[in-house]
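The values are calculated or read from the model by the stated rules, or taken from the named source; none is laboratory data. All of these numbers come straight from a predicted model, not from anything done at the bench. Positions of Cβ are backbone-derived with ideal geometry, glycine not excepted, and every protein chain shown enters the neighbour counts.
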Amino acid sequence: MSQQTDSFIGKLGSFVQKHPNYTGAAVGTVVATTTIVALPLVLGAAGFTAAGIGSGTLAATAMAKLPVTIVAVGQSVGALGTVSGAVGGTTVVAGSAAYGAVCGFLAKVGINKTKN
């Protein structure tokens with residue numbers, strides 16, 4: 001790696017050590033943003049479409065095997081082509097916030113262990 005890359009990685013590691021909570025919040029934000037953009041594309045490719053669940057697709061298999069609430073959310077997102085509404089938006093925000101909090105906590109625990 002170049003000296004510039006090593007310097008950037010060192011600064012990033014230092015920031016994470018000093019600010020694990022901010023790091024967790026940043027990770028949660030990136031996860032939420034990525035999910036909002038990618039989820040409709042992935043669900044559409046899996047067979048959750050505006051015309052309904054495609055025959056012989058992963059979505060059809062999910063419909064047969066998973067609880068109806070999970071399939072309903074998948075179909076809602078696939079049909080609209082966006083993560084919106086109370087269920088979809090709230091689920092993404094809550095899940096991402098929890099993920100960010102866990103990342104911050106784990107970073108803080110890991111940092112404390114390396115200090116001791």
Considering each residue of the range 8-29, count those that are assigned to a helix (DSSP H, G or I) and surrounded by 15 or more Cβ atoms within 10 Å (Cβ to Cβ), and give that number. 9
Name the residues in the range 30-53 that are in a helix (DSSP H, G or I), more than 12 Å from the chain's Cα centre (by Cα) and among the aliphatic types (A, V, I, L, M), would you? 41, 42, 43, 45, 46
Lone qualifier among 71, 77 - being touching a Leu at 6+ places or on another chain (Cβ under 9 Å) and surrounded by 13 or more Cβ atoms within 10 Å (Cβ to Cβ): 77
Given (1) at pLDDT below 75; (2) surrounded by 13 or more Cβ atoms within 10 Å (Cβ to Cβ), residue 114 misses just (2)
Quick check on my filter: what residues within the range 67-80 are touching a residue at least 24 places away in the same chain (Cβ under 8 Å) and under 15 Å from residue 91 (Cβ atoms)? 74, 75, 77, 78, 80
Of the conditions (1) of a type in the set (Val, Ile, Thr); (2) under 30 Å from residue 49 (Cα atoms); (3) at pLDDT 75 or above, residue 102 satisfies every one except a single condition; which number is it? (2)
Between a residue in the range 41-66 that is more than 10 Å from residue 79 (Cβ to Cβ) and any residue that is among the hydroxyl-bearing types (Ser, Thr, Tyr) and surrounded by 11 or more Cβ atoms within 10 Å (Cβ to Cβ), which pairs come within a Cβ distance under 7 Å, given they are 6 or more apart or on different chains? 46/57; 47/57
Of the residues in the range 59-99 that are in contact with a Pro (Cβ under 6 Å, 6 or more places away or on another chain) and on the phi < 0 side of the Ramachandran plot, the one that is modelled with the highest pLDDT is 77
Give 51, 59, 32, 45 a once-over and let me know the one that is crowded, with 18+ Cβ neighbours inside 10 Å and farther than 30 Å from residue 106 by Cα. 59
